[in-house]
1. Need one number: nm distance between label points at Leu115 and Ile225, each 7 Å from Cα along Cα→Cβ, rounded to one decimal.
2. Write out the trypsin sites (Lys or Arg not before Pro) in the stretch 161-221 meeting two conditions: DSSP loop, and at most 12 other Cβ atoms within 10 Å of their Cβ.
3. Skipping prolines and chain starts, which residues have an amide H placed within reach, meaning under 5 Å, of the one on Gly47, given they are 5 or more residues away or on another chain?
4. Can you tell me how much longer the chain between Ala23 and Glu36 gets when fully stretched, taken as 0.36 nm per residue apart minus their C-alpha distance, in nm with one decimal?
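All of the numbers you see were taken from the coordinates with simple rules; none came from a lab. These figures come from a predicted structure and were not determined experimentally. Backbone-built Cβ (ideal geometry, glycine too); neighbour counts: all protein chains shown.
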Amino acid sequence: MYAVVHDSGYSNQFVRFYRQSGARVYQYGYFAATQEQLLFDFSRAAGDTIASFRYGIDTCTITLEYRGSQTIFGMNRPLWVFLVNPTVYLTDDQTEYAITDSLGITSITNFSSLLNASGVLINGRMFGTFTSVSQRHSPSPDAIHLYQNYPNPFNPTTTIPFKLSSRSNVTLQVYDILGREVAQVINGPKEAGAHSVAFDSGTLASGVYYYQLNAAGSVQIRKMIVQK
């Protein structure tokens, strides 16, 4: 059985069909027009290449960047972050998909945008925040927004900016690619508004790390690179 997605405003070539078999998710009709392509594999380890295949005149690679857990909508759930890089020889064209167990895709991040799930509906029960499409008002602002650190890559310090829509208890933690916490940057209340905090990589080895902001029942994650 396939789940069908059609990108509004595009031709039928952008219709996508998704199928899950055990720990694997396959896609049909986007990367390959005539066959299924392995997209995600939740059984793999962080750093593994899930798939590598021809895409036009280039090569698309899909890797599992991170696996661990996150607290979202008041629930602690396993988390996987996959990186889809459609043209390995170009920069700024990759997309990160954060997938939370039993909730599906909870964020999509690329060089130009950051999309986060504000709520989910599971078996008739709502988690998070929903805005009815029949109500004629603007949706509520996101509870939090985590921005890309700068500089990135960095050595040894970087700045992590974020924004809160209301006063909240905040935790900001750093994890390695295996999902192990390596630093706790913030743990306490913060006022509404824009904030920034300095992070010192200290004795951390060069490599990819993830920083996770948790506030007001929302969680956002971004990637940073220590380069020594």
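1. Once both label points are built, they end up 2.5 nm from each other.
2. Those that pass, being in a loop and sparsely packed, are Arg180.
3. Leu64, Glu65, Tyr66
4. 3.1 nm
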